[in-house]
Amino acid sequence: MRLKRAALLLSLVVLAAPTLRAEYVVLRSGQRLRVTGYQLLGDKYRLQMAGGVVEIAAEDVVAIEPEDSFTSLPAKAIVKPPYRELVQAAAARYNVDADLITSVIAVESNFDPKALSRKNARGLMQLLPETAARLGVQDIYDPQENIDAGTRYLRELLEKYNNDLTLALAAYNAGTDRVEQYGRVPPFTETLSYVRRVKRSYDKSKSKASAKTPAPPGAIAATSRPRQSQ
């Protein structure tokens, strides 16, 4: 009886134990180290890695990123009826392909207008409060305002990076400062995954001959430069 009780308690402890998640320490050189734990000790980081403990200078660390934590999307990302007209209106207003806007919304929030990320990005297109304020947004959770501002920002980025979709999406996720710092897509797990997923969704939607949301005449046809690696 005692053995059964002990076994039951042990199983409950195991089930209740938090799942360990790895993170990536990004160095100035662009190298990414997968760690299961880290500690800042003065001017050094002590990193717990699979092969043991390693110490590196804190000044050599530019970022610590969690493993990809995006929520899986349905097999078919469809613009829900309440947002279809909003997406098409923004696409026409800012000359951006409606399918691209749809793909960004799908990956950013999975069409949840109340979505809030751990980085404080909000709404359908996950705008940061400061970005929303610059774009004149009054209610960041309002679908119409969020889609309008997100599309306007996306257009700004496409123009900034000469219509390079890869860089524009990387900047949308990680910020223009990070893209300019590395001169390419920042080597962050989240950003690399984000760019890959949006482009996959976008390419899939464009490959369908019967696309339901065609681009407005003259819409920006975003492309990727062959030199960009993911």
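Please treat every number below as a calculation from the coordinates, not as lab data. Keep in mind that this is a model prediction, so the values were computed, not measured. In this analysis, Cβ positions are derived from the backbone assuming ideal geometry, glycine residues included, and neighbour counts consider all displayed protein chains.
Full extension of the chain segment joining A50 with N95 gains 11.4 nm, where the gain is 0.36 nm per residue of separation less the Cα-Cα distance.
Using the average count of surrounding beta-carbon atoms within 10 Å as a protection proxy, the listed peptides 190-203, 143-156 rank, highest first, as 143-156, 190-203.
Our summary gives the range 114-157 a relative contact order of 30 percent, counting only alpha carbon pairs under 8 angstrom and 6 or more residues apart.
Take each of the peptides 44-57, 111-124, average the number of other beta-carbon atoms within 10 Å over its residues, and list them starting from the highest. Walk me through the numbers on the way to the answer.
Details: 44-57: 13.1, 111-124: 16.3.
Descending mean neighbour count gives 111-124, 44-57.
Under a 5 Å amide H cut-off, with hydrogens placed 1.01 Å from N, V96 pairs with I220 among residues at least 5 apart or on other chains.
In terms of its alpha-carbon gyration tensor, the range 81-207 comes out rounded; the largest-to-smallest axis ratio a/c stays below the 1.5 threshold.
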